[in-house]
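Just so you know, all these numbers are worked out from the coordinates, no wet-lab data involved. Everything numeric in this text was worked out from a predicted model, so none of it was measured. When we count neighbours, we look across all protein chains shown, and the Cβ atoms used for this are built from the backbone with ideal geometry, even at glycine.
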Amino acid sequence: MVGECCLMFAQNGQEISRERVALWLGRVQEEAVDAVGEPNDALQLAIERLKGR
């Protein structure tokens, strides 16, 4: 998922940063919670690591 975010930004000529990828993964996490009713553990771990936690 992180790689997909980076590719999307790169294809659009946009800047890639840890904060930006964490923000997008957070949005995906919200959609996962809406769809499944609980957060995705792998997404949560990636978000926390990108934010330096």
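In the set (i) 1.00; (ii) 1.49; (iii) 1.56, which value of Rg/Rh (Cα atoms, Kirkwood Rh) was calculated from the structure you see?
For Rg/Rh (Cα atoms, Kirkwood Rh), the calculated option is (i).
Angle, helix 18-36 long axis vs. longest principal axis of the chain, Cα atoms, 0 to 90°, nearest 10?
With rounding to tens, the tilt is 30 degrees.
Mind checking the angle between helix 2-11 and the chain's longest principal axis? C-alpha axes, 0 to 90 degrees, to the nearest 10.
Rounded to the nearest ten degrees, it is 30.
Can you work out the PRE-style zone for Asp34? Point 7 Å along Cα to Cβ, and I want the residues of the range 1-25 with backbone N under 17 Å.
23-25
Spin-label point model (7 Å from Cα, Cβ direction): what's the Leu23 to Leu45 distance in nm?
Spacing of the two 7 Å Cα→Cβ label points: 2.6 nm.
Between the helical axis of 41-50 and the dominant principal axis of the chain, each derived from Cα atoms, what acute angle in degrees is found, rounded to the nearest 10?
Helix 41-50 and the main axis of the chain meet at about 40 degrees.
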